[in-house]
Structures are given as C-alpha cells and as structure tokens.
Amino acid sequence: MRPRDREDVDAALSRERLLELYEAREQARSHIHSHRPSTSEIADRVAGLGLASHAFELDSKGYTVIPPEAVASPEFVQRVTDTILRVAERRTGVAHALDKPGNPGRYCTQSASGNVYLLWHLLFEAEIFEEWLENAVLAAMIDYLLQGDGQLSSMMAILRWQHPDIDDRDPGNSLTLGLHADSPGSLTRPLASHFQMLKDLVCNAALVLTPFTRETGALAIVPGSHRLGRQPLAGEGVDDAIPVEAEVGSLVVWHGATWHGVFKRRTPGLRLNLTTFHCHRALKTQERYQWNVPEEMLARRSARFARIVGADDLMGWEAEGPDYGRVIAHGARTGGNVAEK
C-alpha cells in the first residue's frame, strides 16, 4: 500500500461525523419497509371494498371483472377517455374519435401496426392518471396479487381498430393478438411454485373505456391457465380462450401467468382501454419512473404512491453510492390514503 499523503489525512472524517453517517444509515433502514402493508391489512382492504369474491376469482380463474359501480364514477371514466384521445392527437398529429379507426401518424413506434398502437408512458401526461393509480379498487387488487411489493411497470392506453387487410389475412385464427403470459419468460413451474405466496411476479389491470365483447375485440383469456406457470406452446389454448365481456368503466384484472390475447375486432371504431402493468419490486420496470417522478407530484400524492412508483428505491447508484435521503424522505411519510372512488 502507498503511504497516505497529507491530503488523505485531511480528508479523514471525524468520529462525530462517522457517528452521524451511521445514524443516518440506520434511520434509512428503519424506513425501507415502513409502508409495505401486511397480509392481514391487504385482506382487510379487499374485504372492506367488497372485493373478496374477485380475489377468489383471481386465485381460481386467473382473472376477474370488477363492475363499473365498484370502480369509479362515470364522470371519471369519461375524463380518462377524453384525456387519452387528446394525448393521442397530440402525439400522432391525427384527430381521434371513438367512432373512427385509429392511426399512429407521426407516433409510429415499433409497437404500432395497421390495426393497433400503444400510447406509452401516460403517468406524466395529466393528473387524472395519478388519480387512477391511487384508485382504491385498483390498489387493493394490485396489493393482493403482489402482496404489497408491487411497483408500477407501465401505464399505457391501447388503441385497436378493425383492419380487414390484416384481420382477414388468417381467417382460421380468431385472435389478433396471440395467447401469452405477462410473467417473465424464465418463470417456469418450479419458480411459480416458489412465489406462490406472492401470487405472482407481475400482474395487469385494464380500465375498460369502450365495450368489451367478442365482436368488438375483447380480451381473450384461458381460465385457470395461470396454474401452469409457463408460456403456451404455439397454438395451445386457442380453442379454450373465452372473451372477457365487460361494460365501460369495468376493471379487468389478471394474474401475470394467465394466458391471454385479443379477439379480432369486427366492428367500426376504436377499442380503447387504460392498462396499468405492475411488477414485483425485484424486477425491472418497463417504463422509467424511479428517478424521474417530480417532487411536486409526490408531494400531492399518498405515501403508497411514492412507493408504487419507486421513489423510495435505492437501487441504481453510481460512485457516490446509495442515496438514503430518498428512503427517509418518502418512507417517513405518514397519512395520504389511497384516493376515494
């Protein structure tokens, strides 16, 4: 080892400063799990909201449909729809209406095609998306499936429409989006069993903004497929898929391992929904939130909101190491219940 020079000696911290650093670290550690709800707290919330039967359906069927009157007011749902259509026009340069087909215009991402495109990263577009993330029913179902360790992975709107040249290309196939599971590709059956108490590593929820029927391009689900803990093989499960029919304002929630796809749309106009995809905090999120959520947004939202967008997540440091201040600032918050319906 080289001899320490004078600069090294001057840079050494005093005993008092070292003690301050120790106490700050211990304070941060005490807050890391301060807002993770217990299993009993989650169960009480689910029961208190009248969602026990829907939790049972999630466990037994791998999906559930929560009716509009239990989710949000018609006025709120209409505001969400209007906001998405405005965002769609701003990003694409094309005016959108529910009775007309969509068009990605200049917003031609790699997830777009002739009959669908996805409006990614909506959380920062308008406060109504923050409100939705704090919806009591959505929050209870996500916490139930991920046992309080969930984090927002992506919030997006899916705009889908009829395109005969595409939808009729394979007339023998009833699906326009093939069956798949949202769980990580490596989620094999033993791993699924290992996480049984967690329910799953990911889960999804869609706020229905236009009617879901088979003719309008409803979500296709294979009930009970979540228990297999794997992706479907080519063509597997298609004959067992059923349409998830739901009214506007309904909330469709499904287990991350449930096989699902989309039936071909056979009617004019848009099929529209707002999707909130969540993952366990141990996984990477699809969209970037953790370091990018503005402090003013966190200030007006609840403690759970800060946790669900990863504001208290230490990971991702460079040479300076972890920032314990983030954990203290957001983990120490009290109050701030999830939003009222």
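The values are calculated or read from the model by the stated rules, or taken from the named source; none is laboratory data. All values reported here derive from a predicted model rather than from experimental measurement. Cβ sites come from the backbone with ideal geometry, for glycine too, and all protein chains shown count toward neighbours.
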Working carefully through the options ARG91, ARG79, ARG106, find the one that is in a helix (DSSP H, G or I) and farther than 11 Å from ALA157 by Cβ.
ARG79
Which of the following residues is exposed (fewer than 15 other Cβ atoms within 10 Å of the Cβ) and either closer than 21 Å to THR276 by Cβ or in contact with a helix residue (DSSP H, G or I) (Cβ under 9 Å, 6 or more places away or on another chain) (or both): ALA72, ALA126, ALA52, ALA11?
ALA52
Being farther than 18 Å from GLU134 by Cα, hydroxyl-bearing (Ser, Thr, Tyr) and within 22 Å of the chain's Cα centre (by Cα) narrows it down to one of THR267, THR276, THR285, so name that one.
THR285
Go through the residues of the stretch 151-171 one by one and say whether even a single one is of a type in the set (Lys, Arg) and out of contact with any strand residue (DSSP E or B) (no Cβ under 9 Å at 6 or more places or on another chain).
yes
Are any residues in the stretch 85-115 surrounded by 17 or more Cβ atoms within 10 Å (Cβ to Cβ) and in contact with a helix residue (DSSP H, G or I) (Cβ under 9 Å, 6 or more places away or on another chain), and if so, which ones?
HIS96, GLY102, ASN103, PRO104, TYR107, ASN115
Only one of VAL262, VAL253 is at pLDDT 95 or above, assigned by TED's automatic domain parsing to the domain that holds ILE142, under 14 Å from the mean Cα position of the chain (by Cα) and part of a strand (DSSP E or B). Can you tell me which?
VAL253
Test: residue in the stretch 223-234 that is among the hydroxyl-bearing types (Ser, Thr, Tyr), surrounded by 19 or more Cβ atoms within 10 Å (Cβ to Cβ) and out of contact with any Ser or Thr (no Cβ under 6 Å at 6 or more places or on another chain)
no
Among SER60, SER38, which is the only one that is surrounded by 10 or more Cβ atoms within 10 Å (Cβ to Cβ), of a type in the set (S, T, N, Q), closer than 27 Å to GLY150 by Cβ and modelled with pLDDT of 95 or more?
SER60
